[in-house]
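Okay, so here's the structure we're looking at.
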Amino acid sequence: MKHTQNTISGKITWRSPSNIALVKYWGKKPIQIPANPSLSITLSKAFTEMSMEFEPVKEEPGLPALEFLFEGRQQEKFEKKIAGFLNSLYQEYPILKEYRFKISSSNTFPHSTGIASSASSMSALGLCLADFLSRTGRMEPDTPAFWQEASGLSRLASGSACRSVFGGFVIWGHHPQLAATSDKYAIPVPFEVNPAFREMKDAILVVSSKEKEVSSRAGHSLMEGHPYAEKRFETALNNLMELSRALIAGDFDKFVHVTESEALNLHALMMTSNPSYILIEPNTINIVNRIRRFRKETSIPACFTLDAGPNVHLLYPAADEIKVRKWISEELLAFCEQGRWIDDEIGKGPKRIN
Ligand code: PMV
């Protein structure tokens, strides 16, 4: 890192994973404040690696001098989005105006799989920015204030990304019964998770890699005036407590019930919004039915959750990996687009790369 007078130049690199919500965030208030708290698992293998080079702007401070490369190539669409995001941060972080940034990003998971990359990429961006702010004197690195800022910045870039800043089970959004939870940033669950849940696998079964027709942003806004909105927000509060109790007690039956119910609740909200829309596909249902049958026949507590799309996240304890993998190959891959799936698991969270 080079220092010139009071300014510095350097390069920051972070690897940040994706996450999947068990209790869903669906509906928001300005600015990126969730209508209800959510609880997620941070993944491990599906991650973004992002480098941010920075140097002082030599001329007059002005619009952000930003270059953005995705997998080695200039990406105008993302560059505009990130420039707009940096712009929105100027008031709170005027130092950003004094620097020129070159950001290079790549994902471990193929973009044509329909797996949302905003959680991993926007959390990587939040971490790079927090790191930059700590190097320029705003806060100490790796302190609680640092992680809070990184999560808050990620939230502003893309809501659910703020949960990826922490490993394991993570909560974002204020819950009146859970101290330290906040609408502005995520925290690791404020309780001890039963060892039975510490090694969970997530097989992401790719039913379709097509880009979804209705964005999450549009979906969130359809919750305004939704006939079931109030009941939904109340249900989410209750489900978050139920799931927390299940995680503490090691209660798989409760875990399965809440997780599957949340996934179906999310899609029911889409189907009953105005205009109504459907993101699941026939093979989503085929997989869901088979997961339920497998659980009944084997007593292995495998269950599903769904993101805002047709792909299925099959969650199961790592101890059952051999049996579950065999069943995935023999029965479930027939419902996946070109037999595609991603073998992921609960992870420890982002990592700074030197
Ligand atoms: O963070 P967004 O705006 O992409 O919304 C995410 C919404 C869901 O993925 C459907 C649920 C969640 O909590 O991650």
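Here, each number is a calculation from the coordinates, and none is a lab measurement. If you're wondering where the values come from, they're calculated on a predicted model, not measured in any experiment. Neighbour counts are summed over all protein chains in view; Cβ atoms, including those assigned to glycine, are modelled from backbone coordinates with ideal geometry.
Observations
- Region 268-287 residues near the modelled Ala218 label - backbone nitrogen below 18 Å, point 7 Å along Cα→Cβ: 268-281
- 3J(HN,Hα) along region 157-164: 6, 6, x, 5, 4, 5, 6, 6 Hz, from the Karplus curve 6.51 cos²θ - 1.76 cosθ + 1.60 with θ = phi - 60°, whole Hz, x for Gly and Pro.
- Amide H to amide H, with H built 1.01 Å from N, Asp344 comes under 5 Å of Asp202, Ala203, Ile204, counting only residues 5 or more places away or on other chains.
- Here the alpha carbons of region 140-218 define both size measures, Rg and Dmax, at 15.3, 44 Å.
- For Tyr99, distant residues with modelled amide H under 5 Å away: Val57
- For region 241-354, the share of alpha carbon pairs falling in successive 10 Å distance bins from zero is 12, 40, 33, 13, 2 percent.
- Among Ile322, Ile285, Ile187, residue whose mean-square fluctuation peaks in a GNM of the chain (springs only between Cα atoms under 10 Å): Ile322
- For region 66-110: Kirkwood Rh in Å [reciprocal of mean 1/r, alpha carbons]: 11.4 Å
- Couplings 3J(HN,Hα) for region 28-38, derived from phi with the Karplus relation 6.51 cos²θ - 1.76 cosθ + 1.60 (θ = phi - 60°), are 8, 10, x, 9, 6, 9, x, 5, 8, x, 10 Hz, where x marks Gly and Pro.
- Close amide H pairs (under 5 Å, H built 1.01 Å from N) link Val23 with Leu39, residues at least 5 positions away or on another chain.
- Principal axis analysis of the Cα atoms in the chain yields extents of 69, 43, 43 Å, listed in decreasing size.
- Among Trp147, Pro275, His220 - extreme Cα towards positive end, dipole of the chain, charges at beta-carbon: Trp147
- GNM remark for the chain: springs join alpha carbons under 10 Å apart, and the peak mean-square fluctuation among Met50, Met200, Met271 falls on Met271.
- Restraint check, Lys326/Lys351; Lys80/Lys184; Lys29/Lys102, Cα-Cα greater than 29 Å: Lys326/Lys351; Lys29/Lys102
- When the chain is treated as a Gaussian network with alpha carbon springs shorter than 10 Å, the biggest mean-square fluctuation among Met52, Met270, Met139 belongs to Met139.
- Restricting region 188-256 to GluC sites (Glu not before Pro) that sit in a DSSP loop and have at most 12 other Cβ atoms within 10 Å of their own Cβ leaves Glu192, Glu199, Glu211, Glu213, Glu224.
- The stretch between Lys81 and Met271 holds 65.5 nm of extra length on full extension. This uses 0.36 nm per residue minus the Cα-Cα distance.
- Straight Cα distances below 14 angstrom link Lys201 to the aspartates and glutamates Asp320, Glu321, Asp343, Asp344, Glu345, with same-chain residues fewer than 8 positions distant left out.
- Relative to its residue count, region 76-192 spans a Cα convex hull of 128 Å³ per residue.
- Calculated FRET value between Lys348 and Gln74, using beta carbons and R₀ = 41 Å, to 0.05: 0.80
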